[in-house]
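Peer 1: Provided herewith is a single structure, encoded as structure tokens, for subsequent inquiry.
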Amino acid sequence: MNIHEYQAKKLLANYGVPIPRGGVAHSATEAIYQSNELGGNQWIVKAQLHSGARGKAGGVKLCKSHNEISEFCDQLLGNNLVTNQTGPQGKMVSSIYVEEASDITKELYFSIILDRASQKVTLIASTEGGMDIEKVAEETPEKITKIVIDPAVGMQPFQSRQLAFTLDLPNEVVGAASRAVMKCYRAFRDTDANLLEINPLVLTSDNRILAIDAKMTFDSNALYRRPEIFEFRDKTQEDPRETNAAEHDLSYIGLDGNIGCIINGAGLAMATMDMIQHAGGEPANFLDIGGGASSERVATSIELVLSDKNVEAILINIFAGINRCDWVAQGIVDLLNKREVDIPLVVRLSGTNVEKGQKILRDSGKKVITADTLADAAYKVVDAWKSNK
Ligand code: GDP
Ligand code: MN
């Protein structure tokens, strides 16, 4: 799960990580109120959405008057902002964060990740902050420091000092940088985070270390024991297809193609995605109905897939073990009795109660294209999709 910058900063501040003072707002009036609370005569005003690269997309502005703040808020709030991380449809700006402007002399990069290769928490830092870290890694890898944490003992003070020393900081702030790094690590460790990125971590003209930006993501499987993190969830930032499916306890992953897929089991789902592509189509999603799916569950799954406007054909591919083909078939027929479906529907059933299932489909008199094998099903759905276009 992702959270907003202002939420991550609040969390980090609780651990003692130095951040600029700021306040969140949901309207231009509230943003001006926040700027008055902060005082001063210039403020950094930042769009809050689950994406980085907001600066380049016009989502971060140094404002020098209430008018400027107001105009900026009106332009952003409630609208979608497209960044190079959001995809072409962008993401809704759900709130605005107003911060005191900092006088920056140096922008650094700092992050903590759960590195899959080493299976260890890893700290990454660079003197080249504020820019695309992937680009730094590619062009000047020597400017990146990595420190791997031993899970048995956790992060050691010498490691945070070692990291701080690589950042080319004046001697008198190395201690502060090292403490900030240690506090970030504790925040990461205590919250089941899988990413914490501060880009940039800065040195100010009065020699302070400050986290100017903050991104955190958390392991969704651990949220049951982190209610305080779960509260940060913002549904406006999620793919509505996935949110909807999660509410029905269905595992759904939205993709960009036109063939809706309803399958049982992740392995069969992967094979089906591959086969659809092989047959010349692109999957619109990956919906796993799991084991022992009732006919209601099957009908709900079809409804969910149909609610995606990009879907132009549907493939239901079930290899029933714990599942039962007759329940699946009944779910399909129930749905077709309830509503019109004007796109091709291809069904491949195999396994437990397959004859019963096929009979239910046949006897229903509904327009369903049946298939015997995975390959047969993939070719049939792609053909039907093409001829229906
Ligand atoms: P991002 O574009 O989504 O990563 O948003 P950031 O929060 O990282 O802001 C983008 C850039 O705006 C930073 O890299 C800084 O260069 C600049 N910026 C943000 N806050 C301040 C500030 O308080 N003072 C100054 N001078 N620049 C800032
Ligand atoms: Mn940033």
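The values are calculated or read from the model by the stated rules, or taken from the named source; none is laboratory data. These numbers come from a predicted model, not from an experiment. A quick note on method: Cβ atoms are made from the backbone with ideal geometry, for glycine too, and the neighbour counts reach across all protein chains shown.
Peer 1: Could we say that Leu163 is within 16 Å of ligand 1 (Cβ to nearest atom) and surrounded by 15 or more Cβ atoms within 10 Å (Cβ to Cβ) here?
Peer 2: Here the answer is no, as Leu163 does not meet what is asked.
Peer 1: Among the residues of region 251-268, is there at least one that is acidic (Asp, Glu), in the same structural domain as Gly357 (by TED's automatic domain parsing) and over 30 Å from Ala8 (Cβ atoms)?
Peer 2: No.
Peer 1: For region 132-145, does any single residue satisfy the condition of being within 25 Å of the chain's Cα centre (by Cα), within 16 Å of ligand 1 (Cβ to nearest atom) and hydrophobic (A, V, I, L, M, F, W, C)?
Peer 2: Within region 132-145, one or more residues are within 25 Å of the chain's Cα centre (by Cα), within 16 Å of ligand 1 (Cβ to nearest atom) and hydrophobic (A, V, I, L, M, F, W, C).
Peer 1: Considering each of Leu12, Leu38 in turn, give the residue that is more than 27 Å from Phe218 (Cα to Cα) and modelled with pLDDT of 95 or more.
Peer 2: Leu38
Peer 1: With the structure loaded, tell me whether Met155 is buried (at least 18 other Cβ atoms within 10 Å of the Cβ) and not aromatic (Phe, Trp, Tyr) or whether it fails that test.
Peer 2: yes
Peer 1: Within region 54-86, count every residue that is closer than 19 Å to Tyr33 by Cβ, at pLDDT 95 or above and not aliphatic (A, V, I, L, M).
Peer 2: Residues in region 54-86 being closer than 19 Å to Tyr33 by Cβ, at pLDDT 95 or above and not aliphatic (A, V, I, L, M): 13 in total.
Every residue, every condition in (1) among the hydroxyl-bearing types (Ser, Thr, Tyr); (2) more than 20 Å from Gly331 (Cα to Cα); (3) out of contact with any Ser or Thr (no Cβ under 8 Å at 6 or more places or on another chain), yes or no:
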residue: Asn353; (1), (2), (3): no, no, yes
residue: Asp363; (1), (2), (3): no, no, yes
residue: Asp376; (1), (2), (3): no, yes, yes
residue: Tyr379; (1), (2), (3): yes, yes, yes
residue: Lys386; (1), (2), (3): no, yes, yes
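Peer 1: Scan (1) within 33 Å of the chain's Cα centre (by Cα); (2) farther than 23 Å from Pro283 by Cα for the single condition Leu361 breaks and write down its number.
Peer 2: For Leu361, the exception is condition (1).
Peer 1: Every residue in region 32-49 that is of a type in the set (Val, Ile, Thr) and near ligand 1 (Cβ under 10 Å from one of its atoms), please.
Peer 2: Matches in region 32-49: Ile44, Val45.
Peer 1: So which residues in region 334-384 are within 21 Å of Ser307 (Cα to Cα) and either among the aliphatic types (A, V, I, L, M) or touching a Gly at 6+ places or on another chain (Cβ under 6 Å) (or both), if there are any at all?
Peer 2: Matches in region 334-384: Leu335, Leu336, Val341, Ile343, Leu345, Val346, Val347, Val368, Ile369, Val381, Val382, Ala384.
Peer 1: Scan region 200-214 and tell me whether some residue there is in contact (Cβ under 8 Å) with a residue 24 or more places away in the chain, of a type in the set (Asp, Glu), out of contact with any Ser or Thr (no Cβ under 6 Å at 6 or more places or on another chain) and within 16 Å of ligand 1 (Cβ to nearest atom).
Peer 2: Yes, some residue in region 200-214 is in contact (Cβ under 8 Å) with a residue 24 or more places away in the chain, of a type in the set (Asp, Glu), out of contact with any Ser or Thr (no Cβ under 6 Å at 6 or more places or on another chain) and within 16 Å of ligand 1 (Cβ to nearest atom).
Residue by residue, here is whether (1) among the charged types (D, E, K, R); (2) in contact with a helix residue (DSSP H, G or I) (Cβ under 8 Å, 6 or more places away or on another chain); (3) in the same structural domain as Val202 (by TED's automatic domain parsing); (4) more than 10 Å from ligand 1 (Cβ to nearest atom) holds:
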residue	(1), (2), (3), (4)
Ser51	no, no, no, no
Lys56	yes, no, no, no
Gly59	no, yes, no, no
Ile69	no, yes, no, yes
Pro88	no, no, no, yes
Ile113	no, no, yes, yes
Gln119	no, no, yes, yes
Ala125	no, yes, yes, yes
Gly130	no, no, yes, no
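Peer 1: OK, next. Does Ala371 qualify as being modelled with pLDDT of 95 or more, touching a helix residue (DSSP H, G or I) at 6+ places or on another chain (Cβ under 9 Å) and either surrounded by 16 or more Cβ atoms within 10 Å (Cβ to Cβ) or not assigned by TED's automatic domain parsing to the domain that holds Ile302 (or both)?
Peer 2: Spelling it out, Ala371 is indeed modelled with pLDDT of 95 or more, touching a helix residue (DSSP H, G or I) at 6+ places or on another chain (Cβ under 9 Å) and either surrounded by 16 or more Cβ atoms within 10 Å (Cβ to Cβ) or not assigned by TED's automatic domain parsing to the domain that holds Ile302 (or both).
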